[in-house]
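The values are calculated or read from the model by the stated rules, or taken from the named source; none is laboratory data. What you see is a predicted model; the values in this text were computed from it and never measured. Please note: Cβ atoms are built from the backbone with ideal geometry, for glycine as well, and neighbour counts cover all protein chains shown.
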Amino acid sequence: MQPGNPAKRLRIFTAIIVVIAVFFVGRLFQVQVLLAAEINKESLASRSVSQALPALRGQILDSTGKVLAKSVFKYDINVAPVHVAPIQKTVDGVKVEIPVSQLVSQIAGILAMTPEEVAAKIAGTSNYANIKRGVDSKTYDQIKKLGIYWLYYDKRSSRTYPSGAVAGSVLGFLNPDGEPFGGIESQYQKCLAGKDGTESFEKSEDWVKIPDSVVTTTQAVDGRNVHLTINADLQYFAQQVLTQNVAKLKADWATAVVIEVKTGKILVAAEAPTMDPNVPAKSDSASRHSRVFESAFEPGSVIKAVTAATLLDQSKATPATQIVAPFSWKIPGGGGYVVTDSHQHPPENLTLTGVLRDSSNTGIMKLGDAVDAKTRFDYLVKFGMGKKTSLKFPGEASGIALPYEKWDGIKKYVSMFGQGFSVTPLQSAMMYQTIANKGVSLDPVLVEGCEDENGNLMRASTKDGKRVISESSAKSTMDMLEKVVEQGGIGKSAAVPGYRVAGKTGTAQITDAATGEYGNLFAISFIGMAPAEDPQYVVAVTAYKSRTIRNSFGATPIFKAVMQQVLRTFRVAPSTTKSVNIPTEWR
């Protein structure tokens, strides 16, 4: 080899070094200056995480402010198995290492799990595994104090119902995805639902949240509270009474509705069986709906009060109008159809008041025939039959009121004692509210209102009442219904010591689903008002398909217990006057 020129080689080598240096300087300038913003953005995106900040759903409160439904924060305890390792702690100034086995035992003790269960959860090489879902804040705080860096947490809102099954079917519930199902939860979703916020933060290589990096981009807005007219203590009492009596009667179900006469407020909407919205899956499908609003059935003899009020209002009868009521009667134009009373008896000389007292089917038909079918149908509609109430409760039934043009010769008559149409327990109660309120029908009220963003109650709008019958007709109907309780064979069992009570029994046949004909089971009812001289409350009770007692003797004990508790709760003064003297029989 020929020896080269050392100076020349040095110049070439130096040039190469300069070119390389210029390239790297240029590249560094491009990365650190020209592309810095873009690279930082990409880097941040790769380590930045966004998550929802859950909002709390509004509360549902009873008329006294007792919480029936509320939301609390629950926490999911999660782990990054790939990072599971002993942790370093300083104890009494000395740094010690706590092994994973000891940490597992501590976690298990707090979460009420076995060490084996926890060990299985944290095994593996993934970045995520759930150890336990939905622990309360106390448990969450205990876990946090362990200071385990490979544990992390998801906060979420959880619905709870502190009073359990009290008004459960009225409240509704939330499904596992947090969506409302039925009741107030569904109807007042716009008021109750909050609006989740969002936050972002940067995570380290081991997936731990970097505290200083947390940025709240949108604040969570909690939902607003809904106030009901329900009195939780009365609701609880009524549900207990119903539960005991459903068992005694071997009935499919029973309901009790309490209405404040002069406001239309629903103080009780109870039923048994019912649902605990904390664990709705433990109840059957029917009990996850409110029968008070959603179940319709033929009302039976409680409608005789409406027929009697119609007669009075049309000046076709007075409380003392006389009739001979036989045990059986072949109705005119009915093709030989015969209607009987509930028990065998010779022809009886009864007044209209006596007909109500004895709940005579033949007597009410013979008297009611004085009013034409169209007029009677119009009164039924004015009393609220065949249409939903103004509540707009989810799933509410309208009942059935067949137009009078479609009444045949039989329905024309049997409609006078509650056959041929259907009503809900609420509709039945509101008919008697009209009678008790001097003939003025009010819309039922279940919700007082929803709070605004400042916690002020925005009361729901109410309409003026509608006059259905004259005040004098309503008063005379009350007087007659008081004799049902004073003298009636079954009605006497509804009497409340110290108070004048007016009311009516009802024993309605139920159509057999297989045959389409009336079977041997009944919907037994009693609807009453007290004090009769100035009615304050209506209590309407129904037991469906009672199998041990098949007449209103099965419903009156429920009525009596609930009405006594209502009068006691609101400190209603005992009656000091006597009922009007009205003849029930004649010679």
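Brief remarks on what is shown
- Looking only at region 421-441, residues that are closer than 20 Å to residue 476 by Cβ, of a type outside the set (A, V, I, L, M, F, W, C) and assigned to a strand (DSSP E or B) come to 1 in all.
- Neighbours by Cβ (under 7 Å, 6+ apart or cross-chain): first from region 15-37, assigned to a helix (DSSP H, G or I); second at pLDDT below 70: 31/39
- Residue ID - surrounded by the fewest Cβ atoms within 10 Å (Cβ to Cβ), chosen from residues in region 183-194 that are of a type in the set (Gly, Ala, Ser) and closer than 18 Å to residue 62 by Cα: 186
- Enumerated strands (runs of 3 or more DSSP E) restricted to region 217-273, each holding at least 3 residues that are aliphatic (A, V, I, L, M): 253-260, 266-272
- Test for residue 544: is it of a type in the set (Ser, Thr, Tyr) and in contact with a Pro (Cβ under 8 Å, 6 or more places away or on another chain): no
- Pick from region 280-327, criterion in contact with a Gly (Cβ under 6 Å, 6 or more places away or on another chain) and among the hydrophobic types (A, V, I, L, M, F, W, C), ranking: surrounded by the most Cβ atoms within 10 Å (Cβ to Cβ): 302
- Taking the criterion of being touching a strand residue (DSSP E or B) at 6+ places or on another chain (Cβ under 6 Å) and over 16 Å from residue 314 (Cα atoms), the residues of region 360-384 that qualify are 360, 361, 362, 363.
- Residues of region 534-554 that turn out to be out of contact with any Leu (no Cβ under 9 Å at 6 or more places or on another chain) and not aromatic (Phe, Trp, Tyr), as a count: 7
- Among the candidates 118, 100, residue that is within 14 Å of residue 151 (Cβ to Cβ), free of Cβ contacts under 8 Å to residues at least 24 places away in the same chain and crowded, with 18+ Cβ neighbours inside 10 Å: 118
- Residues in region 463-490 that are of a type in the set (Val, Ile, Thr) and in a helix (DSSP H, G or I): 477, 484, 485.
- Selected residue (criterion: surrounded by the fewest Cβ atoms within 10 Å (Cβ to Cβ)) from residues of region 195-217 that are over 11 Å from residue 50 (Cα atoms) and modelled with pLDDT of 60 or more: 195
- Residue 102 being modelled with pLDDT of 90 or more and either in a strand (DSSP E or B) or not aromatic (Phe, Trp, Tyr) (or both): yes
- Residues that are hydrophobic (A, V, I, L, M, F, W, C) and more than 15 Å from residue 395 (Cα to Cα) were ranked within region 167-182; the one that is surrounded by the most Cβ atoms within 10 Å (Cβ to Cβ) is 167.
- Some residue of region 449-459 being in the same structural domain as residue 433 (by TED's automatic domain parsing), farther than 30 Å from residue 187 by Cα, crowded, with 16+ Cβ neighbours inside 10 Å and within 32 Å of the chain's Cα centre (by Cα): no
- Residue in region 391-398 that is in contact with a strand residue (DSSP E or B) (Cβ under 7 Å, 6 or more places away or on another chain) and not small (Gly, Ala, Ser) present: no
- Members of region 312-329 found to be under 20 Å from residue 418 (Cβ atoms) and not in a helix (DSSP H, G or I), listed by number: 314, 316, 317, 323, 325, 326, 327, 328, 329
- Residue check, residue 73 modelled with pLDDT of 85 or more, among the aromatic types (Phe, Trp, Tyr) and either within 30 Å of residue 217 (Cβ to Cβ) or loosely packed, with under 12 Cβ neighbours inside 10 Å (or both): yes
- Boolean, residue 277 is touching a Gly at 6+ places or on another chain (Cβ under 8 Å), part of a loop (DSSP other than H, G, I, E, B), of a type outside the set (Gly, Ala, Ser) and at pLDDT below 95: no
- Test: residue 398 is surrounded by 15 or more Cβ atoms within 10 Å (Cβ to Cβ) and either among the aromatic types (Phe, Trp, Tyr) or assigned to a loop (DSSP other than H, G, I, E, B) (or both): yes
- Options 511, 505, 515: the member that is crowded, with 23+ Cβ neighbours inside 10 Å and among the polar types (S, T, N, Q): 505
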